[in-house]
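Student: Pasting in a structure now, in structure tokens, and then I'll have a few things to ask.
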Amino acid sequence: MTDLNDLPLRPELRGKSAYGAPQLTVTNQLNTNENPYAPSEGLVEDLVTEVRRLATTLNRYPERDAVELRDELAAYVSRQTHVEVTRDQVWAANGSNEVLQQLLQAFGGPGRSVMGFTPSYSMHPILASGTQTEFLDVPRTGENFDIDVDKALAAIAEQKPDIVFVTTPNNPTGGITPVTDLRRILEAERAVGGIVIVDEAYAEFSDEPSATTLLAEYPTTLVVSRTMSKAFDFAGGRLGYFVADPAFIEAVMLVRLPYHLSTLSQAASTVALRHADETLATVAKLRQERIRVVEALANLGYKVVPSESNFVFFAVPDNADAHELWSRFLDLDVLIRDVGVAGHLRMTVGLPQENDAFLAAADKIIGEYK
């Protein structure tokens, strides 16, 4: 069998690992940050009708610029963030990962750099590597893994990155970067002539104002990336988007693949947006469950990082190994996530009965270390 090392792979990709969480079938799957609630029956019926209507057109290429979908996304963002945006300020792609990749293709590349504050979304350095953009790592600080803004500003001034990633709420830790801090980072990056991509994949789970409130102040600097994978019960739909000045849409059109969003992807996403109110009702349930899980974990003796997302990041006991604890949860039929941060694990908030199973396992496990 041919080994990867036998292939003429680009040098910077050698020794790297592909992104991915373990795909194991257990009763309580709480390791990927999906919404555990299935799409509503009304959405499903609407989607089936729409797919049937479009099926006879699948011999033709899809609408290239996803105009109808971008209209619906703009209307949703305007309602959700209270910032009026139009189709010309919104771009959609196959998940927020493709959105970020297109932005890095347009604004990164050989000889350019992107700064990230880690631990954060693990795809950011992978996307940087794939686009031959140097990744500049600035560690988060403290037990809650916040961005030290003064250190961030100093790093921006010294290293002059072409792009800065800020994830808020942050994955895997769950904390936010307040708008006041975002403004300081935007000012610093504008001064060096770069852009800031604010990754708001989990924005619907937080009360913090969206970074879209800053778009008018920073039209040439700010891009806000979002997704329908989390709050929308729509991870399988693979739809991400960004909101920015229209010039950014022109930029990614230079690098996007032709007809990158299929007819069915556009239709499914448009239907999901029509049912946004019923879909987002599950977000309120998950926020309540998150509060319950955090309180219960703390009462059991775990140190929990404050979260404004649909997941909870917690420290394992001082005398425990995080990966060993991950295995113990799995033994108890609960799959959570070891994200590679020393001494910590992450669980996705699931259905109430799944959260009960997680808490029962957490109780049993911490008792083994007392």
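The values are calculated or read from the model by the stated rules, or taken from the named source; none is laboratory data. Just so it is clear, the model here is predicted, and its values are computed rather than measured. Using ideal geometry, Cβ is built from the backbone for each residue, glycine included, and neighbour counts are taken over all protein chains shown.
Student: What is the one condition in (1) in contact (Cβ under 8 Å) with a residue 40 or more places away in the chain; (2) outside the structural domain of residue 357 (by TED's automatic domain parsing) that residue 14 does not satisfy?
Tutor: (1)
Student: Still on this model: Of all residues in the stretch 11-42, which are farther than 30 Å from residue 334 by Cα and surrounded by 10 or more Cβ atoms within 10 Å (Cβ to Cβ)?
Tutor: 12, 13, 14, 42
Student: Taking residue 309, is it in a helix (DSSP H, G or I) and out of contact with any His (no Cβ under 9 Å at 6 or more places or on another chain)?
Tutor: The answer is no for residue 309.
Student: Among the residues of the stretch 284-300, write down those that are at pLDDT 95 or above and either hydrophobic (A, V, I, L, M, F, W, C) or outside any helix (DSSP H, G or I) (or both).
Tutor: Scanning the stretch 284-300 gives 286, 291, 293, 294, 296, 297, 298, 300.
Student: I would also like to ask the following. All but one of (1) within 24 Å of residue 168 (Cα to Cα); (2) modelled with pLDDT of 95 or more; (3) not hydrophobic (A, V, I, L, M, F, W, C) hold for residue 364; state the number of the condition that does not hold.
Tutor: (1)
Student: Any residue that is part of a loop (DSSP other than H, G, I, E, B), closer than 17 Å to residue 216 by Cα and in contact with a strand residue (DSSP E or B) (Cβ under 9 Å, 6 or more places away or on another chain) - is there at least one of those in the stretch 74-86?
Tutor: Checking the stretch 74-86: at least one residue is part of a loop (DSSP other than H, G, I, E, B), closer than 17 Å to residue 216 by Cα and in contact with a strand residue (DSSP E or B) (Cβ under 9 Å, 6 or more places away or on another chain).
Student: Right, here's the next one. Quick one: in the stretch 317-339, which of the residues that are without any contact (Cβ under 8 Å) to a residue 40 or more places away in the chain and in a loop (DSSP other than H, G, I, E, B) is farthest from residue 227 (Cα to Cα)?
Tutor: Once the filter is applied, the top-ranked residue is 318.
Student: Give the stretch 1-17 a look and list any residue that's outside any helix (DSSP H, G or I) and touching a helix residue (DSSP H, G or I) at 6+ places or on another chain (Cβ under 8 Å), or say none.
Tutor: 14, 16
Student: Can you pull out every residue in the stretch 132-178 that is hydroxyl-bearing (Ser, Thr, Tyr) and either touching a strand residue (DSSP E or B) at 6+ places or on another chain (Cβ under 9 Å) or closer than 18 Å to residue 97 by Cβ (or both)?
Tutor: The answer is 133, 167, 168, 173, 177.
Student: May I pose another question? In the stretch 171-204, what residues are touching a Phe, Trp or Tyr at 6+ places or on another chain (Cβ under 7 Å) and more than 14 Å from residue 112 (Cα to Cα)?
Tutor: Those that are touching a Phe, Trp or Tyr at 6+ places or on another chain (Cβ under 7 Å) and more than 14 Å from residue 112 (Cα to Cα): 171, 172, 173, 174, 175, 186, 190, 197, 199.
Student: Identify the residue in the stretch 293-311 that is touching a residue at least 60 places away in the same chain (Cβ under 8 Å) and aliphatic (A, V, I, L, M) and, among all such residues, is surrounded by the fewest Cβ atoms within 10 Å (Cβ to Cβ).
Tutor: 300
Student: Let me ask something additional. Pairs under 6 Å by beta carbon, first residue on the phi < 0 side of the Ramachandran plot in the stretch 353-370, partner buried (at least 19 other Cβ atoms within 10 Å of the Cβ) and among the polar types (S, T, N, Q), six or more apart or different chains?
Tutor: 354/28; 357/28
Student: Just give me the residues in the stretch 329-357 being closer than 18 Å to residue 23 by Cα, more than 23 Å from the chain's Cα centre (by Cα) and buried (at least 19 other Cβ atoms within 10 Å of the Cβ), in sequence order.
Tutor: Across the stretch 329-357, the qualifying residue is only 329.
Listed here are the residues, each with its yes/no results for (1) more than 21 Å from residue 292 (Cα to Cα); (2) touching a Gly at 6+ places or on another chain (Cβ under 7 Å); (3) at pLDDT 95 or above; (4) not assigned by TED's automatic domain parsing to the domain that holds residue 203.
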{"position": "311", "(1), (2), (3), (4)": "no, yes, yes, yes"}
{"position": "318", "(1), (2), (3), (4)": "yes, no, no, yes"}
{"position": "333", "(1), (2), (3), (4)": "no, no, yes, yes"}
{"position": "340", "(1), (2), (3), (4)": "yes, no, no, yes"}
{"position": "351", "(1), (2), (3), (4)": "no, no, yes, yes"}
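Student: So is residue 286 crowded, with 18+ Cβ neighbours inside 10 Å and not hydroxyl-bearing (Ser, Thr, Tyr) or not?
Tutor: The answer is yes for residue 286.
Student: Same structure again: Test of understanding: among 271, 223, 243, 255, which residue is part of a loop (DSSP other than H, G, I, E, B) and β-branched (Val, Ile, Thr)?
Tutor: 255 is the lone residue from the list that is part of a loop (DSSP other than H, G, I, E, B) and β-branched (Val, Ile, Thr).
Student: Okay, moving on. Restricting the stretch 225-264 to residues that are among the hydroxyl-bearing types (Ser, Thr, Tyr) and over 21 Å from residue 88 (Cβ atoms), which is farthest from the chain's Cα centre (by Cα)?
Tutor: Selected residue: 263.
Student: Scan the stretch 209-240 residue by residue and report those that are within 13 Å of residue 167 (Cα to Cα) and charged (D, E, K, R).
Tutor: Within the stretch 209-240, 226 is the sole residue that qualifies.
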